[in-house]
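Colleague: Can you read through this structure? Questions will come right after.
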Amino acid sequence: MSQFDQIAKAYVQSLGEVLEGFQVDFINPRVLFTKYYYDLIFVTLDGNIPQEPPIAGGAQGFTIDKQTFAIEVLTAGEVTALEEQESTLENTYHRLKDIQENNGSLLWLKEHYQLDAPTLLRIKKALLQVKFTKKGVIEELNQLIATHR
């Protein structure tokens, strides 16, 4: 069990009995750019997954920050927003890597940031000099664009 899984286990155990006869556990741990995400499920007090779990509103899951170890409980809407953010980061990172390797198009960059051709060329030259990190790719790209506009 990883350090983050141990933190997750301690967290769900600290919640105790959340509904009469039920506690929560986690499933489907996922590694994100800056966090680990865990889905929450109801289990019986002896740790078994019930055939018919209780119907209750509330949190869908939680994250653990990779640097601070802070836990953030998320609703279904917040999980959707987190997934969209992760998808945007992943797509942006891979598109920039493709441009750096001369395999990608600048069209998405031009359209998304409404760049004219001279600015786009300056940014492309600068892109070839930058080593992007997955974690900071959006901020790094925004700084690069602001510098070359």
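Colleague: Name the residue that is surrounded by the most Cβ atoms within 10 Å (Cβ to Cβ), counting only residues in segment 1-28 that are small (Gly, Ala, Ser) and farther than 20 Å from residue 50 by Cα.
Modeller: To start, the set of residues in segment 1-28 that are small (Gly, Ala, Ser) comprises 2, 8, 10, 14, 16, 21.
Those left that are additionally farther than 20 Å from residue 50 by Cα: 2, 8, 10, 14.
On the way: 2: 10, 8: 23, 10: 10, 14: 8.
Per the stated criteria, the residue is 8.
Colleague: Going by the conditions given, is residue 4 touching a Pro at 6+ places or on another chain (Cβ under 9 Å), touching a residue at least 12 places away in the same chain (Cβ under 8 Å) and over 13 Å from residue 64 (Cβ atoms)? Please lay out each step first, then the result.
Modeller: Details: touching a Pro at 6+ places or on another chain (Cβ under 9 Å): yes; touching a residue at least 12 places away in the same chain (Cβ under 8 Å): yes; over 13 Å from residue 64 (Cβ atoms): no.
Spelling it out, it is not the case that residue 4 is touching a Pro at 6+ places or on another chain (Cβ under 9 Å), touching a residue at least 12 places away in the same chain (Cβ under 8 Å) and over 13 Å from residue 64 (Cβ atoms).
Colleague: Further question: Quick check on this structure: which one of 124, 134, 110 is touching a residue at least 60 places away in the same chain (Cβ under 8 Å) and on the phi < 0 side of the Ramachandran plot? Spell out the reasoning first.
Modeller: On the way: 124 fails: touching a residue at least 60 places away in the same chain (Cβ under 8 Å); 110 fails: touching a residue at least 60 places away in the same chain (Cβ under 8 Å).
Going through 124, 134, 110 in turn, the sole match is 134.
Colleague: Mind listing just one residue for me: the one in segment 119-149 that is assigned to a helix (DSSP H, G or I) and basic (Lys, Arg) and, of those, surrounded by the fewest Cβ atoms within 10 Å (Cβ to Cβ)? So that I can check it myself, show each step before the final result.
Modeller: So the first thing to find is which residues in segment 119-149 are assigned to a helix (DSSP H, G or I), and the list is 119-127, 137-148.
The next check asks that each one be basic (Lys, Arg); those that pass are 122, 124-125.
Values: 122: 16, 124: 15, 125: 10.
In this case the residue turns out to be 125.
Colleague: Turning to a different aspect of this structure: Here are 31, 79: which of them is surrounded by 13 or more Cβ atoms within 10 Å (Cβ to Cβ) and out of contact with any Pro (no Cβ under 9 Å at 6 or more places or on another chain)? Before the answer, list the steps.
Modeller: Values: 31 fails: surrounded by 13 or more Cβ atoms within 10 Å (Cβ to Cβ).
None of the others qualify; the one that does is 79.
Colleague: Considering only segment 108-123, I want to know if a residue exists there that is within 23 Å of the chain's Cα centre (by Cα), at pLDDT 80 or above and within 15 Å of residue 89 (Cβ to Cβ). So that I can check it myself, show each step before the final result.
Modeller: Within segment 108-123, the subset within 23 Å of the chain's Cα centre (by Cα) is 108-109, 112-113.
Now narrow it down to the ones that are at pLDDT 80 or above: 108-109, 112-113.
Next, from what is left, pick out any that are within 15 Å of residue 89 (Cβ to Cβ): 108, 112.
Scanning segment 108-123, I find at least one residue that is within 23 Å of the chain's Cα centre (by Cα), at pLDDT 80 or above and within 15 Å of residue 89 (Cβ to Cβ), so the answer is yes.
Colleague: Please work out which residue is surrounded by the fewest Cβ atoms within 10 Å (Cβ to Cβ), limiting yourself to segment 94-118 and to residues that are part of a helix (DSSP H, G or I) and among the charged types (D, E, K, R). Spell out how you get there, then give the answer.
Modeller: To start, the set of residues in segment 94-118 that are part of a helix (DSSP H, G or I) comprises 94-100, 107-113, 117-118.
Of the ones still in play, those that are also among the charged types (D, E, K, R) are 95, 97-98, 110-111.
Values: 95: 19, 97: 15, 98: 12, 110: 15, 111: 9.
Going through the qualifying residues, I end up with 111.
Colleague: Continuing with this model, one more query. Just need a number here: residues in segment 48-83 that are modelled with pLDDT of 90 or more and either closer than 17 Å to residue 25 by Cα or outside any loop (DSSP other than H, G, I, E, B) (or both).
Modeller: 22
The values are calculated or read from the model by the stated rules, or taken from the named source; none is laboratory data. These numbers come from a predicted model, not from an experiment. Backbone-built Cβ (ideal geometry, glycine too); neighbour counts: all protein chains shown.
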